[in-house]
Amino acid sequence: MAAKKLFDGIFWVGAEDWDRRLFDSLIPLPDGTSYNAYVVQGRDLTVLIDAVDPTKKDVLERHLDQFPRIDLVIANHLEQDHSGLIPYVLGRYPQSKLLATPAAKDLILTHLQVAEDRIKTVADGERLDLGGRTIRFIHFPWVHWPETMLSYLEEDKILFSCDLFGSHLASSDLMVKEEERIYEPAQRYFAEIMMPFRKIIQKNLPVVEKLDLKFIAPSHGPIYARPAFILEAYKKWIADRPENSVLIAWVSMHGSTAKMVEHLTEELASRGIKVRPFNLAVADLGHLAMSLVEAATIIVASPTILTGLHPLAAEAVFLVNALRPKAQFASFIGSYGWKSRALDQLKAMLDSVRIELLNPVQIKGDPRPEDLALISKLAEEIYQKHQAAGLF
Ligand code: FEO
């Protein structure tokens, strides 16, 4: 398969990964993913923007066959799904240089073992004249590593954004054709990759909004022909205000904690609060992460096993702490047999999030009416908190 021409002198040379089902050996990819790389030709210079995952080397090799000359390779991001084949590309084009941010240099030396004299660092705002085409480099750290940058092709008004605005979706369409189809994969991507850096994106997004944009070309998923679509979605996802919803991450062994979850779900719903319960024994963690993007309250529901949290609940708490969602409130409910340290464990694990802990409900054995009354009280407390926060 040949490279795909996007416009005169601009080509997609990436790879679709239809069958990949896990990223980082952790993140479910129900729709596969893509690794987008682009060749941009000016009168004087030809550049390759990013590369593809090393598992797709044969695809990149074939795509590059029609480009006898690459003068410069731009590494917007050093994670291996974009950079792993850069040593191969530099070997294939021995006269070429690698352009990246100063923060990327150490990663290039250690992760890719590229010779130092092949690397040229670029400053924030620096322009590269290709001859009739100009690329402006925009440093944008933490999307998703500290060294990341965006490359803006000024005359064509295309932003090559690498991970930022990406979606895990393999598709035969290079451009987004149905925006409603891309929303969920893009939100899943944001939840799993970008959410921990929400505040940094908040700070830097105005730089992107000021650009004159016709296209946003990320390195995962299709290209946005209407940049406002993904910019508006990001503005909603990174905003501090959550929605009036409660996420319940729950697991039950003998049904007691499940009864508590069922009662809480009904009590919250009857108060006009959107509830999203996730049975951790069967839940897709990607769906859970997506719900974390907007939830105002997180409830962890776990039985006690060997005096502590159920391992599936501990995994969910670990994820919440790592992804640092915008939720304002949290609580814990669960049943135990004779003794429990589960609540203390949960508190200790949530050390990266600033979140108000509401009254937990821990009960011994199967819930009795007075135990369910405590759950109703928790639902009312959540309702009052959401009202006070202006979420209705
Ligand atoms: Fe697609 Fe952070 O790599």
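Bear in mind that the values in this text are calculations on the coordinates, not laboratory data. From a predicted model like this one, the values you see are computed outputs, not experimental measurements. Here the Cβ is made from the backbone with ideal geometry for all residues, glycine too, and neighbour counts use every protein chain on show.
Taking 0.36 nm per residue of separation and subtracting the Cα-Cα distance, what length does fully extending D366 through S25 add?
Values: separation 341, 0.36 × 341 = 122.76 nm, distance 3.71 nm.
This chain segment gains 119.1 nm when fully extended.
Residues considered: Q66, Q80, Q202. Largest GNM mean-square fluctuation over the chain, using C-alpha springs under 10 Å, is found at Q66.
In this calculation the C-beta distance from S270 to W18 is compared with R0 = 45 Å, giving a FRET efficiency of 0.55.
For a Förster distance of 41 Å, can you work out the FRET efficiency between the beta-carbons of M1 and N279, rounded to the nearest 0.05?
Details: r = 42 Å, r/R0 = 1.02.
The formula returns an efficiency of 0.45 here.
A DSSP coil position with no more than 16 other Cβ atoms inside 10 Å describes the following trypsin sites (Lys or Arg not before Pro) in region 307-392: K339, R341, R354. In the elastic network of the chain, a GNM with C-alpha springs shorter than 10 Å, the most mobile of F278, F23, F329 is F23. Residue exposure proxy: Y38, Y88, ordered by other Cβ atoms within 10 angstrom of their Cβ from fewest to most, comes out as Y88, Y38. Annotation for region 261-338 versus region 90-148: alpha-carbon center distance of 42 Å.
The residues F197, F67, F140, when put in order of fewest to most other Cβ atoms within 10 Å, stand as F67, F197, F140.
Compared with the direct C-alpha span, the chain from T307 to E381 gains 23.9 nm at full extension, assuming 0.36 nm per residue. Shape analysis of region 4-238 based on the Cα gyration tensor places the equivalent ellipsoid semi-axes at 24, 20, 18 Å, largest first.
Show me the helices of the chain, taken as full DSSP H stretches, that run 27 Å or more along their long axis by Cα and average -1.0 or above in Kyte-Doolittle hydropathy. Present the calculation step by step, with values, prior to reporting the outcome.
Values: long enough: 369-388 (28 Å, -0.49).
Going by DSSP H runs, the hits are 369-388.
Distance from the Cα centre of region 26-48 to that of region 203-242, in angstrom? After rounding, the separation between the Cα centres reads 18 Å.
Straight-line cross-link reach from K57 at under 25 Å between alpha-carbon atoms covers these lysines, not counting any fewer than eight positions away in the same chain: K4, K5, K97, K105, K120. With a simple spin-label model that places each label point 7 Å from the Cα along the Cα-to-Cβ direction, the separation between A389 and K120 comes to 5.0 nm.
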